[in-house]
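These notes concern the structure reproduced below.
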2 protein chains.
Amino acid sequence: MTTKTLTTGTVAAEATAAEADSHPAPYVHGYSDTEAQRLGDQADTLAELLHAGTVYPAGSRVLEAGCGVGAQTAHLLAASPGVLLTAADVSAESLAQARARIAGVAPSARVVWHHGDLHRLPFPDGTFDHVFLCFVLEHLPDPAAGLAALRRVLRPGGTITVIEGDHGSAFFHPETPAARRTIDHLVRLQAGAGGDALLGRRLYPLLTAAGFADVTVRPRTVYADGGRPALVDGFTLRTFVAMVEAVRAEALAAGLTTPEAFDRGIAELRRAAGPGGTFHYTFFKAVAVNP
Amino acid sequence: MTTKTLTTGTVAAEATAAEADSHPAPYVHGYSDTEAQRLGDQADTLAELLHAGTVYPAGSRVLEAGCGVGAQTAHLLAASPGVLLTAADVSAESLAQARARIAGVAPSARVVWHHGDLHRLPFPDGTFDHVFLCFVLEHLPDPAAGLAALRRVLRPGGTITVIEGDHGSAFFHPETPAARRTIDHLVRLQAGAGGDALLGRRLYPLLTAAGFADVTVRPRTVYADGGRPALVDGFTLRTFVAMVEAVRAEALAAGLTTPEAFDRGIAELRRAAGPGGTFHYTFFKAVAVNP
């Protein structure tokens with residue numbers, strides 16, 4: 001579902017200095033206002049599904065790695081208002097938006113905003129009780145390295161919570177080749193940017209290989225049909241189709257499709273939100289412990 | 001997931017006479033003892049997932065349409081021991097196995113075994129309080145006609161419960177083209193036999209179009225990784241891979257693949273049950289009311 005890139009990008013740090021990368025990777029979804037709005041809609045629709053079960057005790061030191069524009073940050077703080085949160089992102093612009101968002105919805109929250117790369121966090125080993133990241137690993141060229149860096153700053157016995165989508169879980173009715181191809185374009189573009197839009201299914205082996213223990217991965221499935229009009233609008237149309245539609249220019253620039261073919265695919269994808277249409281998507285939520 | 005064919009097949013009836021079809025459709029999974037064992041394993045592993053929430057009051061007149069070898073019948077009766085069950089199937093052999101199974105696990109259950117086609121049930125309109133069918137619609141050339149026939153024998157205000165899989169929901173890690181093709185073969189063979197292995201996503205429009213009201217469809221997702229060894233064995237290997245593997249001869253006969261390619265695909269599919277492997281599948285369970 002993809003909301004931010006922590007992979008490379010220009011890097012600095014509020015609290016301390018950090019190395020700058022010279023070749024920022026492209027963020028497949030862009031950084032526009034429309035994109036920020038899409039991410040907000042998405043987070044609201046999905047909040048209950050994704051955040052259920054994530055409650056941190058007051059006073060816990062929590063790191064949100066890759067907070068992006070703060071869409072998930074708001075829900076994290078709503079569920080755990082007493083935490084001492086460090087919210088990190090590689091994009092200064094996203095971080096500024098996140099800060100403004102949280103100032104509006106949770107003005108009394110205790111948040112340190114950290115501008116920097118999650119691979120090189122300037123915090124001592126074991127700084128945090130809990131680490132949370134949502135739609136971040138899918139953008140990393142080496143998610144195993146990202147997890148290792150996060151494990152370093154997590155204290156022994158602390159937990160990591162990771163939420164990811166998997167576009168291979170998307171199927172719908174009616175389903176057409178042209179509609180399917182628009183999703184494939186997004187998967188290819190994300191792979192071209194060094195990410196993996198099919199990462200959800202890999203959470204268990206990634207966390208296990210990174211040395212985490214008690215790895216528990218649960219699917220969180222979204223299914224929308226005519227009996228759930230709010231979900232059809234909020235998820236099928238305004239989250240999923242909007243996300244696919246947003247890569248139109250990039251897909252054209254990459255020579256993956258033509259304007260006519262892409263637009264036809266999007267029109268056919270939208271039929272999954274029309275009368276008799278259905279749409280299915282599975283997120284994965286993993287919780288594991290740093291032994 | 002596919003356990004029986006009610007589409008055509010030789011038809012007779014215990015309680016009354018019924019027309020015989022002259023051209024039985026092939027049952028993609030066959031009727032062997034191994035197949036019966038597979039269906040038993042499958043039903044046990046999935047029972048809790050699929051049957052949760054289905055409890056009928058004592059004395060209810062319930063029709064199970066397409067009981068097959070009784071795999072689901074046993075769970076239905078375990079959850080609702082007091083019902084007056086009519087279990088129907090188009091295969092006399094399957095029905096005999098179902099009868100023997102239920103005699104063993106629920107000897108005091110009140111069951112009328114009906115050998116016949118669900119499209120031509122010899123019961124008056126509104127005979128049943130509830131209708132239940134699991135992995136049946138996916139085999140019907142015209143599932144809408146099947147639902148219409150079942151609605152006829154359901155009383156106004158009665159419920160229908162329909163459970164179906166959708167092979168488009170299968171994704172796994174590691175995923176390879178050869179492994180994916182073995183699943184595609186099964187989908188094509190089932191389509192060739194007049195069925196639809198991707199039917200789960202269509203339950204909502206099918207039930208709505210058939211005139212049912214209050215249609216509620218919920219996904220029931222199976223996800224198996226190294227943290228759930230019983231599910232890896234019971235579902236990934238002994239249910240899903242076994243089901244795909246069982247169409248080997250038919251896929252070869254149809255010229256869809258070669259022995260080498262099929263066996264390599266199965267070997268690669270099995271890696272989803274190995275170290276670091278994961279497997280995902282979504283069933284759909286629909287409940288609706290006859291208005």
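The values are calculated or read from the model by the stated rules, or taken from the named source; none is laboratory data. Because the structure is a prediction, the values reported are computed rather than measured. Neighbour counts run over all protein chains shown; Cβ positions are idealised from the backbone, glycine included. Accessible surface areas use protein heavy atoms only, side chains included; no ligands, DNA or RNA. Shrake-Rupley method; radii C 1.70, N 1.55, O 1.52, S 1.80 Å.
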Computed ³J(HN,Hα) along the stretch A:229-246: with the Karplus parameters 6.51/-1.76/1.60, θ = phi - 60°, integer Hz and x for glycine or proline, the list is x, 5, 6, 4, 6, x, 9, 4, 7, 7, 9, 6, 4, 4, 5, 5, 4, 5
Once amide hydrogens are built 1.01 Å from N within the peptide plane, the residues lying 5 or more places from A:Arg110 or on another chain with amide H under 5 Å from its amide H are A:Leu85
Classified through the alpha carbon gyration tensor (a ≥ b ≥ c as square roots of its eigenvalues; rounded if a/c is under 1.5, else prolate when a/b is larger than b/c, else oblate), the stretch B:233-291 comes out oblate
Here the whole-number average of other chain Cβ atoms within 10 Å per Cβ of A:171-178 is 4
Averaging 1/r across every pair of distinct alpha carbons in the stretch A:66-175 and inverting yields a Kirkwood hydrodynamic radius, in angstrom, of 15.0 Å
Output row for A:Ala209: copy-to-copy label distances, label 7 Å along Cα→C-beta, ascending, in nanometres, one decimal, is 4.4
Inter-copy distances for B:Pro122, label 7 Å out on the Cα-Cβ vector, sorted ascending, nm, one decimal, are 8.5
For the rotation taking chain A to chain B, the chain A residue with the nearest C-beta to the axis, plus the distance in whole Å, reads A:Thr221, 2
Counting only residues 5 or more apart in sequence or on a different chain, those whose built amide H sits under 5 Å from that of A:Val222 are A:Tyr281, A:Thr282, A:Phe283
With one decimal in nm and the nearest listed first, the spacings from B:Ala52 to its own position in the other copies, using label points 7 Å along Cα-to-Cβ, are 1.0
Across B:201-212, the residue-averaged tally of Cβ atoms belonging to other chains within 10 Å stands at 4
Residue-ordered couplings for the stretch B:215-220, obtained by feeding phi - 60° into the Karplus form 6.51 cos²θ - 1.76 cosθ + 1.60 and rounding to whole Hz (Gly and Pro as x), are 6, 10, 10, 10, x, 10
HN-Hα couplings for the stretch B:198-206 via Karplus (6.51, -1.76, 1.60; θ = phi - 60°), in whole Hz with x for Gly/Pro, come out as 10, 6, x, 5, 9, 4, 4, x, 5
Mean Cβ-within-10 Å packing, highest first, puts peptides B:68-78, A:248-258, A:78-88 in the order B:68-78, A:78-88, A:248-258
Protection proxy (average C-beta count within 10 Å per residue), highest first, orders A:183-189, A:47-53 as A:183-189, A:47-53
Relative contact order of the stretch B:125-166 (C-alpha contacts under 8 Å, at least 6 apart) in percent is 63 percent
Between chains B and A, total accessible area buried, probe 1.4 Å, no ligands or nucleic acids, nearest 100 Å², roughly 2100 Å²
